[in-house]
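Data first, discussion second: the structure below is written as structure tokens.
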Amino acid sequence: MFGRPGEDWDRVGFTFWNYPVGSGLAWHGDAGGGRRGSYVLFLNEEWRASWGGELMVLDEEEVDTGTAELQVRESASSPVAIVPRPNRLVLLRAGTPHRINRVDPTAALVRCSLTGFAMKRPDEAGADARARFRELVGALKGASE
């Protein structure tokens, strides 16, 4: 899904997310920062479909570089709702538009998940170019003072 370990990605990160009643997350694509893909593992032992908190995904072959909100609005496809079933694991390519629907006021539990990314470190050439750019900006600032 994310390519070959060590070649296409070389590190992973994760964090725990809690979504209490009334919370959700707007459309976004988790692109940039060397991300190759993301994953969501639903941790609740129980979750009722009526409690909301669905992961909405616009599953398209091509990932657009525009904003996720715009891509969803202009797509001919409809987003897919993924109910946070216990121990369900969802994998997404970087740039795939997704959101979290608001957790309903009737929810008896906080929606819990483990979310993370597979990433590729910037190559040495990229790091060297950034360092040279910072030096140049510093030199320009010094010359203008």
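The values are calculated or read from the model by the stated rules, or taken from the named source; none is laboratory data. Every value quoted in this text rests on a predicted model; they were computed, and no experiment measured them. No Cβ is skipped: glycine too gets one built from the backbone with ideal geometry, and neighbour counts run over all protein chains shown.
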request  = Taking the options 40, 80, name whichever one is in contact with a Pro (Cβ under 9 Å, 6 or more places away or on another chain) and either of a type in the set (Gly, Ala, Ser) or within 30 Å of residue 107 (Cα to Cα) (or both).
outcome  = 40
query = Applying the selection to the range 93-145, what residues are modelled with pLDDT of 95 or more and among the aliphatic types (A, V, I, L, M)?
reply = 100, 103, 107, 108, 109, 110, 114
ask   = How about the range 21-37: which of its residues are touching a Lys or Arg at 6+ places or on another chain (Cβ under 8 Å) and exposed (fewer than 12 other Cβ atoms within 10 Å of the Cβ)?
value = 22, 26
request  = Those residues that are in contact with a strand residue (DSSP E or B) (Cβ under 9 Å, 6 or more places away or on another chain), more than 23 Å from residue 70 (Cα to Cα) and assigned to a loop (DSSP other than H, G, I, E, B), I need them from the range 1-50; list them, please.
outcome  = 1, 2, 3, 8, 10, 20, 21, 22, 43, 44, 47
